[in-house]
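What follows is calculated from the coordinates using simple rules that are stated; it is not laboratory data. Worth saying up front: this structure is predicted, and the values here are computed from it rather than measured. Neighbour counts run over all protein chains shown; Cβ positions are idealised from the backbone, glycine included.
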Amino acid sequence: MSEKKEFWRWKEYRWHDESIDWKGADIISAGVDIGSVSSQAVIMADGKLYAFSNQRTGFDSPESANQSINWAMEGTGLTLKDIHYTVGTGYGRVNVPFADKALTEIACHARGGNFMYGPSVRTILDMGGQDCKAIRCDERGKVEAFLMNDKCAAGTGRGMEVFADLLSVPIEEVGELSLSVEEEPEPVSSTCVVFAKSEASALLREGWPKNKVLAAYCAAMAHRVVTLLERIEVKKDFAITGGIGKNSGVVKRLEQELGLESLKSNYDSQIAGALGGALFAQALEKKRRSV
Amino acid sequence: MRNAECGLTAMIANYGYKDGSGDYFIAIDTDKCNGCGDCVPACPNSVFVVGEDPNDPLRDEPVAMVGEQERKKLKYTCNPCKPDHDRPPLPCVQACKLGAISHSW
């Protein structure tokens, strides 16, 4: 039997800014976002992004947290002792052994989104691995309204992974492929991952090509999150964080349905939560030193 | 507008979920809420808790929230207070003198 390819697997990587010398920094802060599917660690030197890592979460949250931060520090000469303040966030935030404080991902995504997309961003949609958060914030990244749906995996990254696997399409190519349809199909009627998957199997049996099935699923996902967003009132500017932010098939359809363009950022949309955590860590360390 | 004075804006915290059968959210206006805790004993199913605001790390005042373990089953937890006919006022909404609590369904 040929080796089974893991189509859902996305790229894990790390990065650091070689132009920054962390030894000269007054405050080194870190944010560690342990999500249900992915984990990120972000390290900042005096409020500047210095290093980050982005990987899958294992079954052991404390271990994932250690791996994330160690990978972000790799090759920089930094050790845990050099980091003044660490904020843990995400689904596994209470399981970050070296964190000074745990904050909700709602607060962190608003703050991180504000940094990544600039102060004009008012509505942030975080499409995570297993939940979906709609956040409205002010020009300083403070939360004005939020809503989180973590009861069901519809409209989340995990659902998209399941579809990538079902159709044997690498997850990074799902978006583009779904946009290659000549005519938009009807969205799949159910967004529940389990029901949508069986509906998709039926469509494939009817002879639908892969791109059409993906288009139907991306459209259903977009429609579902739009109904969530309406509850918190969408205001300009709008941005999408989390892994699905990289899926043009969902993003384009969401933009169409909302009649709003989403902001683009040079930063990886998956690090928003950890980045927000690092920003809070920076502020909290300052507060700690001032008393 | 207590928060407006110190330059902070109001926050509406929506707790709950949306599933195939509908939207089940309890919204708490954290600008109106002063953390008095009157909602806690008013709810027959102890849905509310009062504590440090996890979504606003820089807020000093406590705030009411829907307890973590209740957030995914509000449809059922709140059901006894929501009969189909002649629905009386909800005890939590009535107990909150500042009008900070509302239900989406």
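Here are the numbers for this structure:
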item: 19 Å tail of the calculated P(r), chain B, as % of Cα pairs; result: 42
item: Fluctuation leader among B:D19, B:D84, B:D53 - chain B, Gaussian network, Cα springs under 10 angstrom; result: B:D84
item: Gaussian network model of chain A, Cα within-10 Å springs - most flexible of A:S19, A:S38, A:S168; result: A:S19
item: The range A:31-137 - Rg (one decimal) and Dmax (whole number), Cα, Å; result: 13.5, 38
item: Under 14 Å, Cβ to Cβ, from A:V250 - net charge with Lys/Arg +1 and Asp/Glu -1; result: -3
item: Between the range A:231-291 and the range B:61-105, the Cα center-to-center distance that results, in Å; result: 30
item: Nearest 10 degrees, 0 to 90: helix A:210-232 Cα axis against chain A principal axis; result: 60
item: Cα-based reach from A:K5 at 17 Å (exclusive), listing aspartates and glutamates while leaving out same-chain residues under 8 positions away; result: A:E161, A:D165, A:E172, A:E173
item: Relative exposure of A:I28, A:I20, judged by other C-beta atoms within 10 Å (fewest first); result: A:I20, A:I28
item: DSSP bridge pairs, the protein assembly as shown: antiparallel proportion in percent, nearest 5; result: 75
item: Convex hull volume per residue in cubic angstrom - Cα atoms of the protein assembly as shown; result: 165
item: The range A:131-140 - phi-based ³J(HN,Hα) in whole Hz, Karplus 6.51/-1.76/1.60, Gly and Pro as x; result: 8, 9, 10, 10, 10, 10, 9, 8, 5, 9
item: Potential extension, A:D237-A:K48 segment - 0.36 nm per residue separation minus Cα distance; result: 65.7 nm
item: Potential extension, B:V93-B:N79 segment - 0.36 nm per residue separation minus Cα distance; result: 3.6 nm
item: GluC sites (Glu not before Pro) restricted to the range A:1-105 and DSSP loop, no more than 11 other C-beta within 10 Å; result: A:E3, A:E18
item: Environment charge of A:V96, counting only residues whose C-beta is closer than 14 Å and scoring Lys/Arg +1, Asp/Glu -1; result: -3
item: Net charge of Cβ neighbours under 14 Å - reference A:H16; Lys, Arg +1; Asp, Glu -1; result: -3
item: GNM top mover of A:K151, A:K264, A:K101 - chain A, alpha-carbon springs below 10 Å; result: A:K151
item: Theoretical ellipticity at 222 nm over chain A - DSSP helices of four or more residues, -39500 (n - 2.57) apiece, nearest 500; result: -12000 deg cm²/dmol
item: Share antiparallel - DSSP beta bridges, the range A:1-141, percent rounded to 5; result: 75
item: Average beta carbon contacts from partner chains per residue of B:76-86, 10 Å cutoff; result: 0
item: 15 Å cut-off, amide nitrogen to a point 7 angstrom out along A:R56 Cα→Cβ, residues in the range A:129-160; result: A:129-130, A:157-160
item: Rough spin-label spacing in nm, given labels placed 7 Å along Cα→Cβ, for B:S104 and A:E261; result: 3.0
item: Members of A:K151/A:K212; A:K23/A:K236; A:K81/B:K32; A:K197/B:K82 lying beyond 31 Å, as alpha-carbon distances in this model show; result: A:K23/A:K236; A:K81/B:K32; A:K197/B:K82
item: Bridge type composition, the range A:119-262 - antiparallel percent by DSSP, nearest 5; result: 70
item: Packing rank of A:274-282, A:139-147, A:182-190, where each peptide gets the mean count of other beta carbons within 10 Å, highest leading; result: A:274-282, A:139-147, A:182-190
item: Globularity ratio of the range A:119-262, using Cα Rg and 2.2 N^0.38 Å; result: 1.03
item: Rounded Å value of the spacing that divides the Cα centres of the range A:56-106 and the range A:174-229; result: 36
